[in-house]
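All remarks here apply to the structure that follows.
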Amino acid sequence: MNDRLTNLREALAAQELDGILITQPENRRYLSGFTGSAGVLVVTQDRASLATDFRYYEQVKAQAHGWELVPVTDSLIKTLAEHVMGLGAAKLGFESQHLTVHIHREWIQAMGAVEWIPTSGMVETLRQIKSEEEIDATIEAIGIADDAMAHIYEWLRPGVTEREVAWELEVHMRTHGAEALSFTTIVGSGPNGAMSHAVTSERQIQVGDPIVIDMGAVYHGYCSDLTRSFCLGVADGFYRSVWNTVLEAQLEAEKGIVGGMSGIEADALARDIIYAAGHTGRFGHGLGHGVGLAIHESPRASRAYPGEIPSGSLLTVEPGVYIPDWGGIRIEDMVVVREEGCQVLTQVPKLPVVGTRYAK
């Protein structure tokens, strides 16, 4: 945690800021270790404090080692104003992508002597490069999701609904070490799979249906993200052809991504293969995104992300093809990006068909 504060203070000095107030929950946890749902960090070059209310006093003492607790006994705004004014800081940054206009106005009114400077992505940039401890926690989260998907391969049968599949996955993850889900599980069967983020429904899954499952687990705060696509029982030639194209695109991307390349370059590794196979316009999202304390973080592998994918980042690699009124195919792994290439962390098999015993 001390290294993280040191890095933040260097960034503050580079922008000529006396300090910053941190309100974004994942950034608050990343810097302090505090997992409570309410609180504001105040960081200057020589002070690191956490303002929160009575519900979390003991939690701050247990989790935020080295941080000064600023007890909120009246209102957060009043307490912050007294604390900030006592610091004597003239220029303070705030997280402009998280703070509401309403709260910003309250801060200005309560602390008029302070010059408030909007910042963007200051802590998020630090979070891109993961420590080995963060990678280890993510590997645990990945393993929980892998095991749940392997369980579904055996459990799935004709007649169950998308929602029943999603619930089975959630129960398995939560009873095998997950403290939470990374996001609401997506199960899209038949034509529903054409929606890359389908809303799981009561549709019953039948033999021959293409199915897309996207899910993830949280372990010690760190998220995993996993997608597998397959047919139940049997797959026709067209499905297998598209599935093989998506798999080829993913494998080539995993083989080609290296630390330091741009998000645009990484995305093209898979997109060029999918488009060359005749699926132009059917891969509408980016190839991947960073994952950590939040399920979507920087960096990104996308046509819209010219920034660098740094060595040490955790990234999803998830090309897809989506065809209206037919369905979709997306195959997603998580990788850790190194200077010499990617290390694939996801281990559950990629299968075009599961439950062959149900084939007619």
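No value in this document is a laboratory result; all are computed from the given coordinates. Values in this document were obtained by computation on a predicted structure and should not be read as measured data. Reconstructed Cβ throughout: ideal geometry from the backbone, glycine too, with neighbour counts over all protein chains shown.
Annotations for the structure displayed:
- A compact globular protein would have a Cα radius of gyration near 2.2 N^0.38 Å; the ratio found for the stretch 80-152 is 1.77.
- Sites listed here are GluC sites (Glu not before Pro) in the stretch 315-357 whose DSSP assignment is loop and whose Cβ has at most 10 other Cβ atoms within 10 Å: E339, E340.
- Degrees, to the nearest 10: 263-276 long Cα axis against longest axis of the chain: 20
- Shown for E132, E170: other C-beta atoms within 10 Å of each C-beta, ranked fewest to most, produce the order E132, E170.
- Tilt relative to the chain, helix 162-174 - C-alpha long axis, 0 to 90 degrees, to 10: 50
- Where Cα atoms sit under 23 Å apart: lysine pairs in the chain separated by 8 or more or lying on different chains: 5
- Alpha-carbon centroid distance for the pair the stretch 110-156 / the stretch 159-178, whole angstrom: 22
- Counting other Cβ atoms within 10 Å as a rough exposure proxy, the listed residues T73, T44 run T73, T44 from fewest neighbours to most.
- Between the stretch 48-78 and the stretch 272-336, the alpha-carbon center distance in angstrom: 39
- Calculated P(r) tail over 27 Å for the chain, as whole % of Cα pairs: 53
- Listed residues V348, V291, V317, most fluctuating in the chain (Gaussian network, C-alpha, under 10 Å): V348
- Highest-MSF residue in the chain out of M149, M215, M85 [GNM, Cα springs under 10 Å]: M85
- Using θ = phi - 60° in the Karplus curve 6.51 cos²θ - 1.76 cosθ + 1.60, the 3J(HN,Hα) couplings for the stretch 6-13 round to 4, 5, 5, 5, 5, 5, 5, 4 Hz; x is entered for Gly and Pro.
- Charge dipole magnitude, Cβ of K and R +1, D and E -1 - the stretch 2-127, Cα centre, debye nearest 20: 200
- Helix-only CD estimate at 222 nm, as mean residue ellipticity for the chain, using -39500 (n - 2.57) per DSSP H run (n ≥ 4): -11000 deg cm²/dmol
- Farthest toward positive dipole pole in the stretch 2-127 [+1 Lys/Arg, -1 Asp/Glu at C-beta], among L50, V114, A38: A38
- Residue order for K130, K255, K91, fewest other beta carbons within 10 angstrom first, comes to K255, K91, K130.
- GNM top mover of E168, E106, E254 - the chain, alpha-carbon springs below 10 Å: E106
- The stretch 218-267: translational diffusion in µm²/s, Stokes-Einstein, Kirkwood Rh over Cα pairs, 20 °C, 1.002 mPa s: 156
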